[in-house]
Structures are given as C-alpha cells and as structure tokens.
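A.B. asks: The structure's right below; bear with me while I get my questions together.
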Amino acid sequence: MDYKNTKEFATEQDNKDPLKKFRNQFEIPRLNDVETVYFTGNSLGLLPTKGREAINQELNDWGKLGVEGHFEAKNPWYSYHEQFKPLLSKVVGAKNHEVTALGGLTGNLHLLMVSFYRPTPKRYKILCEGKAFPSDQYALESQVKFHGYRAEDAIVELNPREGEHHLRKEDILSAIEEHGPEISLIMIGGVNYYTGQVMPMKEITKAGHELGAIVGFDLAHAFGNIELKLHEWGVDFAAWCSYKYLNSGPGSVAGIYVHERHGENENLPRFAGWWGTPSEGRFKMEKGFKPAIGSDGWQLSNAPVLSMAIHKIALEIHLEAGLENLREKQKTLTGYLAFVLNEISNDDSKIKFEIITPKERGSQLSILTHGGGKPLFDLMTKKGVIADWREPNVIRVAPVPLYNSYMDVFRFGSIIKESIKELA
Ligand SMILES: *Cc1c(COP(=O)(O)O)cnc(C)c1O
C-alpha cells in the first residue's frame, strides 16, 4: 500500500474500512474528555459495551432464580462452558471437542504439564524460549523441580544470536535436532510477548514430533491475533488467556486445546475435578473419576459464569468481524504504524526508532528507542497515548484491527513528533 503520514490519508482509510463499525462497540478510554490512542490491546483488550448487558443477564437470573439458575437461567450455568466450543475452535483452528474454556492461563499450563510433561531419566528436558514471560518461566521451573530435576540442567532456552533480537527459524530447528533425544517437552510462546515474533509453530511441532517430544504452545499473544491451525499442525496442547486480543476483561476465564489423540486417552495422568466428568452423570456424585472425552476432561470446577458472559460476547464480536477481515486490516494497520515510525526516524537525527519485531508478526510492534527513552514515553502518555514501556528501552504497541483506526496511528505519530519537539 502507498502510505502517507497525513490526516487525509488516515481519514480516507477509515472511511473505507469494512470493520469501522466495530470501534463503536468498544469503550475507548478517554483523557481530558478526548479518546486516548489505545495501543495496549495486546495487554488488556477494551470493554465491549455489550459485555455490560451480558453480565447483567446473569446477575438478573441469579437474583430471580438463585440456585435454580444452574438449569433455569436463560443460558443455564450448568452447561455454560459448553457454549464456547464452536467459538473457540474457530479462533484456534481445532475441533470442537479439542477446546474448552476454564481457569486461568498459568494454572492451565500447570494442569496440562501434569499430563504432558512426564520426564524419564533419559528424556527430561524442556525446550523453551529464553526470557519467556515470567509466569511461564516460573511454571516451567517449578514443574521441573517437582519431578526432581534441576532447572539449570533440565530447561534449555533458545536465545537470539548475538546482536539480533529475535530467533531464527533455522536456529530453533537445529536446537530441537541437537537436544532432541533428551527433550520431553517443547513449550514456547506462539507469539513472543516481548518482540511480537510469530513462531513457526507448524515446523516446530513437526520437528519436535520427529524426535519424540511433546509440543505445546502458550498462545497468550497469539489467541485472537494471528491465524492458528492447531489441529492441522498436530500440536499436542495449548493454553491461552482471553483478556488480551480477546477483550474478555481483566483476569477473565482462559482456555485450552488438547489434540483429540490425547483427549480420547482416558489413561493420561491428570489432576481431576468434578467438572471434568461427563455432564450426564456428574450429579450422581459417585466415587471414581472418569474423564469426559476431549479437552473437557481437564475441567475442574463449575463455570465462572460472570467472566464467561463477557468472554462469550467478545468471541461473538470477534467472529462477526471475521478472522480473515481482521488479518487483512491487521496487515495494513500495523504496516501503517511501521511506515509512520520509520518516517519519524528518518526526519529526526537525534531520535531513532528501531522496530525489533520481525516480518513474521501479528498486530504488535516492539520498538527499541535510541534517544528519547522513558522521558519521551512519559510525555506521550501525558498527551493521551496508552502504550507499554519495557526496561531498558522498548515500547510495545499494538494497533488492534477490531477497534483501532488509521487515525489512531496518525495521532500516535503526531504525538511522538510533538513530544520530541518539546523535549528538545
Ligand atoms: C499475559 C501472559 C501471561 C499471564 O498469565 P496469567 O496466568 O493470565 O496471569 C502468561 N504468559 C504469557 C506468555 C503472557 O503473555
């Protein structure tokens, strides 16, 4: 596309954006009564206005019906989580019985590792990305220790080459090759939270399987951001949270995927709870756990209906916009942001922005700032930009195709220029 860093160009793009009506379905935070430039949908997505109604529906049913709401509510709470299958399966590219909504991301990673990290003295290592999100690091370390291994020995981290910012595919694959016979589990973020790099999940899965490892992905930054084909790729398991690109609210219910070849295996070890049994027999309260077939066999507790109410409406809006439409706008919108940043870097000799996100990317750009630094970021915040600062000098921004506009990108660029001028 022939981008221009002008108000006219941004307006024109917004006018012909087939997704433009969706912005009005979200509440955009304001500063001094002006809409902010909200570029942190990769961290906490915005509130879909219909979420208020959706929660009220459940509150009203609770008020009216009390415990009877489990079966008598408009959306009966007993089977509430079952509504998510056809929605989640589309977003992650899976079969309905391979996905389910439950719990929180880190807790789910642990539950899944109970089943899928089963080290033996010869094959006990976990291959993961270096500088993974802290919660993932802690989860992996504690799993390894739980099985009696030392983290320094059992955890193999993949790091970019000296002077580079992201992993090369060939380096990932050769590390799998090198450690293969000792690797029990490969657990990597589908999109790296820091750099925004999209990992070659299909190739990693294939390479891991060829050497006998189990392959799972943390999809926190991938879910609702990039195209996923978990079933087709043969991925063993995955977990995600719903409050980033899926706008389901702070700490809202998370979700998992388990490939059907495992979901049908009743003998896999797992930590069980009553919601993991088939729904028909659950209230018989019988002794002896028998898992439901599919990902539901990992359920533990009755459905957190209030957070699920928003998750459901948010998924419906996402799918109404259409995954392909979202991908298409993502390319041009994030491309526009990259264009604007490069133009500013070329115009100003003192401040340079280096985009460290590779071309394998979704919505997020991670920007290394040379000059400017935190004072520039703070001034931008004061002028209405909501972005994310990571020490020592990286700004993460994600224009989200569902509710961000080309005008947001233009305003972002103008605010940077103004801020640079004021700091000079
Ligand atoms: C956001 C994020 C988390 C957060 O975990 P919670 O259990 O939802 O608090 C974990 N891992 C990654 C990679 C993330 O991006």
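No lab work stands behind these numbers, since they all come straight from the coordinates. Owing to the predicted nature of the structure, the values given are computational and were not obtained by experimental measurement. In this analysis, Cβ positions are derived from the backbone assuming ideal geometry, glycine residues included, and neighbour counts consider all displayed protein chains.
A.B. asks: With charges set only on the Cβ (+1 for Lys and Arg, -1 for Asp and Glu), what does the dipole of the stretch 236-298 come to about its Cα centre, in debye to the nearest 20?
C.D. replies: My answer is approximately 220 debye.
A.B. asks: When averaged across all projection directions, what area in nm² does the alpha-carbon convex hull of the stretch 54-187 cover?
C.D. replies: Result: a mean projected hull area of 11.8 nm².
A.B. asks: How far apart, in nanometres, would the label points at Glu72 and Arg52 be if each is projected 7 angstrom from Cα along the Cα-to-Cβ direction?
C.D. replies: Once both label points are built, they end up 2.9 nm from each other.
A.B. asks: Kirkwood hydrodynamic radius (Cα pairs, Å) of the stretch 229-314?
C.D. replies: Across the stretch 229-314, the inverse of the average 1/r is 14.3 Å.
A.B. asks: Quick check: convex hull of the Cα atoms in the chain, volume per residue, rounded to a whole Å³?
C.D. replies: Convex hull of Cα atoms, per residue: 148 Å³.
A.B. asks: Take the chain, connect every pair of alpha-carbon atoms lying under 10 Å apart with a spring to form a Gaussian network, then pick out the residue of Asn15, Asn96, Asn404 with the largest mean-square fluctuation.
C.D. replies: Residue with maximal mean-square fluctuation among Asn15, Asn96, Asn404: Asn15.
A.B. asks: Also, I was wondering about something else. Using the Cβ atoms and a cut-off under 13 Å, what net charge is assigned to the surroundings of Gly234, where Lys and Arg are +1 and Asp and Glu are -1?
C.D. replies: -1
A.B. asks: For every helix of n ≥ 4 consecutive DSSP H residues, a contribution of -39,500 (n - 2.57) applies; sum these over the chain, divide by its total residues, and give [θ] at 222 nm rounded to the nearest 500 deg cm²/dmol.
C.D. replies: Computed mean residue ellipticity for the chain: -12000 deg cm²/dmol.
A.B. asks: To continue, here is another question. Between His147 and Arg390, what is 0.36 nm times their sequence separation minus the Cα-Cα distance? Round to one decimal in nm.
C.D. replies: 84.1 nm
A.B. asks: If you take the charge dipole of the stretch 1-141 about its Cα centre, with +1 on Lys and Arg Cβ and -1 on Asp and Glu Cβ, which of Thr6, Val99, Leu140 is farthest toward its positive end?
C.D. replies: In the stretch 1-141, that residue is Leu140.
A.B. asks: With charges only on Cβ, +1 for K and R and -1 for D and E, what is the dipole size of the stretch 54-321 about its Cα centre, in debye, rounded to 20?
C.D. replies: Taking the Cα centre of the stretch 54-321 as origin, the dipole is about 460 debye.
A.B. asks: Over the stretch 54-321, what is the percentage of antiparallel beta bridges among all DSSP beta bridges, to the nearest 5?
C.D. replies: That works out to approximately 40 percent antiparallel.
A.B. asks: Continuing with this model, one more query. Eigenvalues of the Cα gyration tensor times 5, then square-rooted: what semi-axes does that give for the stretch 1-105, in whole angstrom, largest first?
C.D. replies: Over the Cα atoms of the stretch 1-105, the semi-axes work out to 37, 20, 12 Å.
A.B. asks: Let me ask another. Taking θ = phi - 60°, what integer Hz values does the Karplus form 6.51 cos²θ - 1.76 cosθ + 1.60 yield along the stretch 359-371, in sequence order, with x for Gly and Pro?
C.D. replies: Rounded to whole hertz, the list is 5, 7, 9, x, 7, 7, 10, 9, 10, 8, 9, 9, x.
A.B. asks: Shifting gears a bit: With θ set to phi - 60°, apply the Karplus curve 6.51 cos²θ - 1.76 cosθ + 1.60 along the stretch 36-41 and write out the HN-Hα couplings as whole Hz, x wherever there is a Gly or Pro.
C.D. replies: Each residue of the stretch 36-41 in turn: 6, 8, 8, 10, 10, x Hz.
A.B. asks: If each residue of separation counts as 0.36 nm, what is the full-extension length gain between Glu266 and Asp2 once their alpha-carbon separation is subtracted?
C.D. replies: 89.5 nm
A.B. asks: Further question: Could you list the trypsin sites (Lys or Arg not before Pro) in the stretch 314-358 that lie in coil according to DSSP, counting only those with at most 11 other Cβ atoms within 10 Å of their Cβ?
C.D. replies: Answer by residue number: Lys350.
A.B. asks: OK, next. Can you tell me which of Glu129, Glu157, Glu260 moves the most in a GNM of the chain? Springs connect C-alpha atoms under 10 Å apart.
C.D. replies: The residue that fluctuates most here is Glu157.
A.B. asks: Here's a follow-up. What does the charge count around Leu323 come to, taking other residues whose C-beta lies under 15 Å from its C-beta (Lys +1, Arg +1, Asp -1, Glu -1)?
C.D. replies: Net of charged neighbours comes to -1.
A.B. asks: If you add up the charges near Phe339, with Lys and Arg at +1 and Asp and Glu at -1, over every other residue whose beta carbon is less than 11 angstrom from its beta carbon, what do you get?
C.D. replies: -1
A.B. asks: Next question. Could you give me the ³J(HN,Hα) list for the stretch 199-212, computed from phi with Karplus coefficients 6.51, -1.76, 1.60 and θ = phi - 60°, whole Hz, x at Gly and Pro?
C.D. replies: Listing the rounded values in order: 7, x, 5, 4, 5, 4, 4, 4, 5, x, 5, 4, 9, x Hz.
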